[in-house]
Amino acid sequence: SVTHQNHNMSSSSTTDNNQQIDDETVLGLVQEFLMDDFFSNQCEKFGRENASLFDPDSDENKLEYTTKYNEFCSLFESQIEKFVGENQIPMERFYEICQKESEENGMNGLVGFLIALQDFDVFLQMMKDISREMQQE
């Protein structure tokens, strides 16, 4: 059930835009954002700046790996928060849509990508791969 609430009557006379954007449109916007050059450049920049800390040939999990992972997650989350803010999508609605998408389509597609970015083992492998590439340059 969709309830229409105008929280800020003075801002405009239009209906609440948050309810007007359907789930598919929100997912499409998020996919565009994730594939956007700015976002992928941010990820690549982070990887290149920090890859030297990661030994691609070691199975050891160093404490600094966790620290860098937390920094990476913060960067990613702040980018998502900025994006949903700019598109006037409430954060809780964004997560509801992601949850619904994962229930309907499993871990594939967009939600799989979001969760992979939030998975330490996937992050660790990514950083080791970047480190290995940089050693070969």
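Could you list, in sequence order, the residues of the range 54-70 that are in contact (Cβ under 8 Å) with a residue 24 or more places away in the chain and not basic (Lys, Arg)?
If the condition is that a residue be in contact (Cβ under 8 Å) with a residue 24 or more places away in the chain and not basic (Lys, Arg), then 54, 55, 56, 61, 65, 66, 69 are the ones that fit.
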Residue 82 vs. criteria under 27 Å from residue 133 (Cα atoms), surrounded by 11 or more Cβ atoms within 10 Å (Cβ to Cβ) and modelled with pLDDT of 85 or more: no
The range 93-119 residues that are buried (at least 17 other Cβ atoms within 10 Å of the Cβ), paired with ones that are modelled with pLDDT of 70 or more and assigned to a loop (DSSP other than H, G, I, E, B) (beta carbon under 9 Å, 6 or more apart): 97/89
Residues satisfying the stated conditions in the range 29-42, i.e. in contact (Cβ under 8 Å) with a residue 60 or more places away in the chain and either among the β-branched types (Val, Ile, Thr) or closer than 23 Å to residue 64 by Cα (or both): 30
Top-ranked residue of the range 13-50 - restricted to ones that are assigned to a loop (DSSP other than H, G, I, E, B) and either at positive phi or surrounded by 10 or more Cβ atoms within 10 Å (Cβ to Cβ) (or both), ranked as modelled with the highest pLDDT: 22
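Those residues that are in contact with a Ser or Thr (Cβ under 9 Å, 6 or more places away or on another chain) and either part of a helix (DSSP H, G or I) or at pLDDT below 90 (or both), I need them from the range 51-79; list them, please. Working first, answer last.
Residues of the range 51-79 that are in contact with a Ser or Thr (Cβ under 9 Å, 6 or more places away or on another chain), as a first pass: 51-56.
Scanning the range 51-79 gives 51, 52, 53.
The values are calculated or read from the model by the stated rules, or taken from the named source; none is laboratory data. Only a predicted model underlies this, so the values are computations on that prediction, with no experimental measurement involved. Note that each Cβ is placed from the backbone with ideal geometry, even for glycine, and that neighbours are counted across all protein chains shown.
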